[in-house]
Protein chains: 4
Amino acid sequence: MLVVMRKGATADEIRGVAEAIEARGFRAHPIPGAQRTAIGVTGNKGALDAPVFESLPDVLEVIPVSHAYKLVSREVKNEDTIVRVGEVPVGGRGLTIVAGPCAVESREQTLIVARAIKKAGAHILRGGAFKPRTSPYSFQGLGEEGLRILAEAREATGLPVVTEALDNDGVDLVERYADAIQIGARNMQNFSLLKRAGRAKKPVILKRGMSATLEEFLMSAEYILSEGNYDVILCERGVRTFSDFSRNTLDLAIVPAVKKISHLPILVDPSHGTGSREKVAPLSRASAAVGADGLMIEVHHAPNTALSDGPQSITPEMFAQLVQDLKQIAPVIDRSLT
Amino acid sequence: MLVVMRKGATADEIRGVAEAIEARGFRAHPIPGAQRTAIGVTGNKGALDAPVFESLPDVLEVIPVSHAYKLVSREVKNEDTIVRVGEVPVGGRGLTIVAGPCAVESREQTLIVARAIKKAGAHILRGGAFKPRTSPYSFQGLGEEGLRILAEAREATGLPVVTEALDNDGVDLVERYADAIQIGARNMQNFSLLKRAGRAKKPVILKRGMSATLEEFLMSAEYILSEGNYDVILCERGVRTFSDFSRNTLDLAIVPAVKKISHLPILVDPSHGTGSREKVAPLSRASAAVGADGLMIEVHHAPNTALSDGPQSITPEMFAQLVQDLKQIAPVIDRSLT
Amino acid sequence: MLVVMRKGATADEIRGVAEAIEARGFRAHPIPGAQRTAIGVTGNKGALDAPVFESLPDVLEVIPVSHAYKLVSREVKNEDTIVRVGEVPVGGRGLTIVAGPCAVESREQTLIVARAIKKAGAHILRGGAFKPRTSPYSFQGLGEEGLRILAEAREATGLPVVTEALDNDGVDLVERYADAIQIGARNMQNFSLLKRAGRAKKPVILKRGMSATLEEFLMSAEYILSEGNYDVILCERGVRTFSDFSRNTLDLAIVPAVKKISHLPILVDPSHGTGSREKVAPLSRASAAVGADGLMIEVHHAPNTALSDGPQSITPEMFAQLVQDLKQIAPVIDRSLT
Amino acid sequence: MLVVMRKGATADEIRGVAEAIEARGFRAHPIPGAQRTAIGVTGNKGALDAPVFESLPDVLEVIPVSHAYKLVSREVKNEDTIVRVGEVPVGGRGLTIVAGPCAVESREQTLIVARAIKKAGAHILRGGAFKPRTSPYSFQGLGEEGLRILAEAREATGLPVVTEALDNDGVDLVERYADAIQIGARNMQNFSLLKRAGRAKKPVILKRGMSATLEEFLMSAEYILSEGNYDVILCERGVRTFSDFSRNTLDLAIVPAVKKISHLPILVDPSHGTGSREKVAPLSRASAAVGADGLMIEVHHAPNTALSDGPQSITPEMFAQLVQDLKQIAPVIDRSLT
């Protein structure tokens, strides 16, 4: 942390601030400059302490330097983490495809889609049993019945299953039926839920919040790791901006940004990231090319009658074609898709 | 909802879409135009159905028309709702001041601040016992001990108390000790928590999410009302934008926007909305002048040693001066501050 | 500027970076920390040099410390600047009201509005002769004929006149006819135009760009001052965010932020800032209460037939009422409105 | 356009609004609904007329339906436009690579980079002679001397040349020396400059503004076409959002969005889009994979000493490797890179 003094601060004033810093148990390192003196602070706990110093007298501004994440950081663990969902590795050399309907609507629908994506080459089945809906009057998911259907689809296809939990009771259930627990964008800073997921026995897919910075995203993952669950997969799903031609703005630069700082694997969800069927394939190709560890794609055999997010679901035929395209892109980024 | 056909769509194609609309139980009203035909759709449940039609053949785009909120809407209840927190009315002709420390840190700190704000003219005491923190390593609040301290401060000052709940267990506790339950910005779309708050016996202060649209904000309030709790107070606390000189961008235009559509009262929180002490008073005056029903302001007697959000807390002296300013502004907007 | 080394950087590596810094003519001040070493850099030209160091080997990140604006800064001139538009002071103790139609549509319309706002208490007349329109097919303004009408309205009412220039030829004309030159939001970083305005003989009202940071806004003003024109008035007019219930998001926190750093006066334009008539009065009151030096408000005697921006124009009656409200707010912030 | 009446509007009130619509020369088509009546409006000039009706009595809201762009639209010209820069086609089946230094700094630097990118497979040379800089104190480019150097580099390598013009005088010069004229993001709504570019004899590369919607972007292109210059190439270069780990947020979904609506080719600039060297290659691959017609990439042989934007410039070696990667991606999207 760097505390910048106002121009013209006297030696006494600078000493006063330095003493205030040391009084808090940190070390102060004054750096005299031509215009102003700055004071380097060490021994603090990162950016989150910064604001304390802003209100000291004669301080012009405070500049955070180090960051607060630890367990998610490459400084703690340099090699890439590979998380296993069932038997399927996420991270490493493979490109992992998670696919399935937005919501589990019925046994029949789920089995049709699961078999179709399995045949096309998907590795993991997704499908929502508990749906976070903007309106209380919208379809909220089948609940435990949906989880049973997902488990049946796993039996039928051999694909491990991931599904979202909305609260602690939901984690109890999802943990029992599924192979990975999804925490959705709206709950990225539901810290109570993150702590519960940190005590779960299954891997967690953590989606980026709609307006989360990189630091906030990693700190939310840190919540999970700090409770003992190291099997965390990040997922970019678009952020909210002024941009009006897609439902969200898919922020693909986060993939190399995460890879630089963190050892955790990261997926991209172009279905929520764009909100429109015709953009899913182009942005899926882009996500693979940017270096993501995998994709999460909504597929529905009859999207026009889907109970939720039909317009962003692609058909099994479109999905099969997309997997072929991804197979061609994977080697460019030194991955394989099998 | 309006379904716009592609230019050159034939009469048969238009009829096909109209039939698809009617097959879903809606009514279709074709509007032939010089360039294209549009089809008005009635009988639907509002914007949330819109995307279903986007993927029909020959449809260029779908334009949502009506909205999905009901109970929060002035179309259901035209007169302003007045919510009572303890004995204190929020909404109506008064300007209500909620103040207190960001976090309950100790019995002594809470009583000092509570007495100071009471003396300066505040109506309701705020203070966090459960703190949502970006980092798992930051101070997380005193928990139930904090709630007891708040209850004691109520006894000592007569001020009713509001405090945040982070999960369902938290609502159980807050409901028991406090006079109103706050749902924070990060939980605005924690639908499980909203439903629980909708079954609570106490009023709810619902903060706007960091990137929530007006419709999403009102729909989250609708979740609470739809469970039977009609005592909901909205609170604007700044949204996240590119703007870099304040922690958040306080979006004051939401006050007249809410007033037009909804009967619910709305507060403004300029402490989180700006994140810096020196901006709290100017933005508080602005919030009163724009027509908010009240303010929520962080006050700390020693902000430089506060355990959270010190830099945005004002001192009791600054607060007392601010209340005097607000007394002068209130009559301009036909309110009183007593 | 602070250059943060990667954890584990050796003494040699740190020395190498320090030498690279000094080789560029700056001074390097290493600050050893428990985790990492940072190097304070002095003698540089502010934030704009920062990125150069990011790519040096073993550097983790570079933190900008000082800023690049000079002439606009309070560090160069501490007392508030008062700019005179005609005889009317902007800045200082008064609250200045600029009002008038979005576009000059005709001699009759302009005179009607000018007389009405004069009577209601406005100090300066605004009106567009050159209109920046999103579409090439929209009304582009009356051009020089519009400037003549504005000059005539000045004769008739005694109000000085401000109007926008879109290019260098426009500045030539506006300089001749009007009392102040407006640079619009879309041209805030039209540096060629800023330089020309810096050589103009008349004051300049510079509107904030739709996504301009505070630093960019002040640097654009710096362009004008650096060419010799010190009479610059800033104007906040809303920024573009995801927020959907107003045309732009009026960012009122910029007023105290500017006041802290710069001596230049700042107006607020709630008409463009909200885009809707019913929000203009509430946000005007808020703008006065936050401490702006004045307001810029669109008024039209028949807004429903206005050739541009009718929906955000208020009527002369609404304007007269608003001025009365502002008179009550002005003393709260130690200003007067006469 | 759809005008939605308030609930409970009487038949007379609805008729009144319909008459007001027809009085403006449009046609009104009332659509009675269960809750409210809406009135379809046809014959209008698109979204830009919409606000006029918002302030009519008893109108709840107005929904824009059609758009205002014409010449850029696929409805006017369905087949893809191929623009020739010198002899190089942009659009169509090829993937076009524009590369070069951010700024022309010297004859030697420009020739070194030009030869290196030519050898690596670039098709067009870029380099700034007139630089739009946030600060008036930063290097502003070599001006006409820079244009001469670019022309010499064209002679030496055979690569056609594109460079930015900042004002009308700049267009005069760039038109004379270069093969295409770039309009930068900050000037996207400098309508005076767009009109001048519309009368130029050379193709125009139009960059998206930092907070431009798709409609605004296309309307700015429409300005150029409407003056007679049909050779317009669009370029996405990142937008400004809250996202903090890249200089801008590269909004790749605009590529399929433009392709659906417009026949104009579109490039992506991942150098400005990310602002950091290490993200340029991943986002370049993503841009090709999403379906862009080409890329614009900053290359510098000694980026750490570059006079502008060094941190986002890649070296000739990194560029050569990237071109190899792009060759593998091109066939996936049915393009070739030769």
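The values are calculated or read from the model by the stated rules, or taken from the named source; none is laboratory data. The structure presented is a predicted model; accordingly, all values stated were derived computationally and were not measured. No Cβ is skipped: glycine too gets one built from the backbone with ideal geometry, and neighbour counts run over all protein chains shown. Ligands, DNA and RNA are stripped out before the accessible areas are found, and what is left, the full protein with its side chains, is counted by its heavy atoms. Shrake-Rupley method; radii C 1.70, N 1.55, O 1.52, S 1.80 Å.
Give me a comma-separated list of calculated 3J(HN,Hα) values for the range A:120-126, in order, Karplus coefficients 6.51, -1.76, 1.60 applied at θ = phi - 60°, integers in Hz, x for any Gly or Pro.
My calculation for the range A:120-126 gives 6, x, 5, 9, 9, 9, 10 Hz in order.
For the pair B:R24 and D:R176, how long in nm is the line joining their label points, each one 7 Å along Cα→Cβ?
Taking the two extended label points, one gets 6.1 nm.
Counting alpha carbon pairs within less than 8 Å and at least 6 residues apart, what relative contact order, in whole percent, applies to chain D?
Normalised by residue count, the contact order of chain D is 16 percent.
Which ³J(HN,Hα) values, rounded to whole Hz and listed in residue order, are derived for the range A:3-20 from phi using the Karplus coefficients 6.51, -1.76 and 1.60 in 6.51 cos²θ - 1.76 cosθ + 1.60 with θ = phi - 60°, glycine and proline given as x?
Going residue by residue, I get 9, 9, 7, 5, 4, x, 4, 7, 4, 5, 5, 5, 4, x, 5, 4, 5, 4 Hz, with x marking Gly and Pro.
Under the Karplus relation 6.51 cos²θ - 1.76 cosθ + 1.60, θ = phi - 60°, what is the ordered set of whole-Hz ³J(HN,Hα) values for the range B:138-153, x standing for Gly and Pro?
In residue order, the calculated couplings are 8, 3, 9, x, 7, x, 4, 4, x, 5, 5, 5, 4, 4, 5, 5 Hz.
Multiply the residue gap between B:Q324 and B:K260 by 0.36 nm, knock off their C-alpha separation, and tell me the result in nm, one decimal place.
Working it through step by step, the gained length comes to 20.2 nm.
Based solely on its DSSP helices, what 222 nm [θ] is calculated for chain A when runs of n ≥ 4 H residues each add -39,500 (n - 2.57) and the sum is averaged over all residues, nearest 500 deg cm²/dmol?
Computed ellipticity for chain A at 222 nm equals -10000 deg cm²/dmol.
Which lysines have a Cα less than 20 Å from the Cα of B:K7, not counting those fewer than 8 places away in the same chain?
Once the sequence-local lysines are set aside, what remains near B:K7 is D:K45, D:K70, D:K77, D:K259, D:K260.
Show the residues, 5+ positions off or on another chain, whose built amide H is closer than 5 Å to the amide H of D:I97.
Amide H to amide H, under 5 Å and 5 or more residues apart or across chains, D:I97 pairs with D:H123, D:I124, D:L295.
Kindly identify the range B:83-333 as rounded, prolate or oblate by the Cα gyration tensor criterion: order the square roots of the eigenvalues as a ≥ b ≥ c, call it rounded if a/c is under 1.5, otherwise compare a/b with b/c, prolate if a/b is larger, else oblate. Numbers along the way, then the final one.
Numbers: a/c = 1.24, a/b = 1.04, b/c = 1.20.
The shape class here is rounded.
What is the average number of partner chain Cβ atoms found within 10 Å of a Cβ in D:189-202?
Neighbouring Cβ atoms belonging to other protein chains average 4 per residue here.
Calculate, for C:E87 and D:N304, the FRET efficiency according to 1/(1 + (r/R0)^6) with r their C-beta to C-beta distance and R0 56 Å; round to the nearest 0.05.
Numbers: r = 55 Å, r/R0 = 0.97.
Taking R0 as 56 Å, the efficiency between C:E87 and D:N304 is 0.55.
Using a Förster distance of 56 angstrom, determine the FRET efficiency expected from the C-beta separation of A:E317 and D:K119, and round it to 0.05.
Details: r = 43 Å, r/R0 = 0.77.
Using R0 = 56 Å, I get an efficiency of 0.85.
Need the list of aspartates and glutamates near B:K118 for cross-linking: C-alpha distance under 13 angstrom, and skip anything on the same chain fewer than eight residues off.
Excluding near neighbours in sequence, the set is B:E155, B:E317.
Determine the shielding of peptide A:231-243 by partner chains: average, over its residues, the number of Cβ atoms on other chains within 10 angstrom of each Cβ. Before the final figure, lay out the partial values.
Values: counts 0, 0, 0, 0, 0, 0, 0, 1, 7, 12, 14, 18, 13.
Counting Cβ atoms of other protein chains within 10 Å of each residue's Cβ and averaging gives 5.
Out of residues 5 or more away from B:I181 or on other chains, whose amide H comes under 5 Å of its own, with H placed 1.01 Å from N in the peptide plane?
B:V204, B:I205
Exposed loop GluC sites (Glu not before Pro) only (DSSP loop, at most 16 other Cβ atoms within 10 Å): please give the longest stretch of chain B free of them, not including the sites. Each step should come with its number before you reach the end.
Values: sites that count: B:E79, B:E87, B:E227.
The longest uninterrupted stretch comes out as B:88-226.
Over the protein assembly as shown, give the accessible area per residue in Å² for a 1.4 Å probe, as an integer.
33
Give the average, rounded to an integer, of partner chain Cβ atoms located within 10 angstrom of each Cβ in B:109-115.
That average works out to 0.
Leaving out ligands, DNA and RNA, and with a 1.4 Å probe, what % of the accessible surface on chain A is carbon or sulfur?
49
If you take the accessible area of D alone plus C alone and subtract the pair, what total do you get in square angstrom, rounded to 100, with a 1.4 Å probe?
When D and C are taken together, about 3400 Å² of accessible area is lost.
Helix B:168-177 against the longest principal axis of chain B: what's the angle in degrees, Cα atoms only, rounded to the nearest 10?
50
Please report how far the C-alpha centroid of the range B:260-332 lies from that of the range C:190-243, rounded to the nearest whole angstrom.
30
What residues have an amide H closer than 5 Å to that of D:G128, excluding those fewer than 5 places away on the same chain, when H is modeled at 1.01 Å from N in the peptide plane?
Answer set, sorted by chain and number: D:A103, D:V104.
What three numbers, in Å, describe the spread of the alpha carbons of the protein assembly as shown along their principal axes, ordered from the longest?
79, 73, 73
Between B:S336 and D:K77, what is the label-to-label distance in nm when each label sits 7 Å out along the Cα-to-Cβ direction?
7.0
Put a dot 7 Å past each Cα toward the Cβ at D:S106 and D:E227; how far apart are the dots in nm?
Modelled inter-label distance: 3.7 nm.
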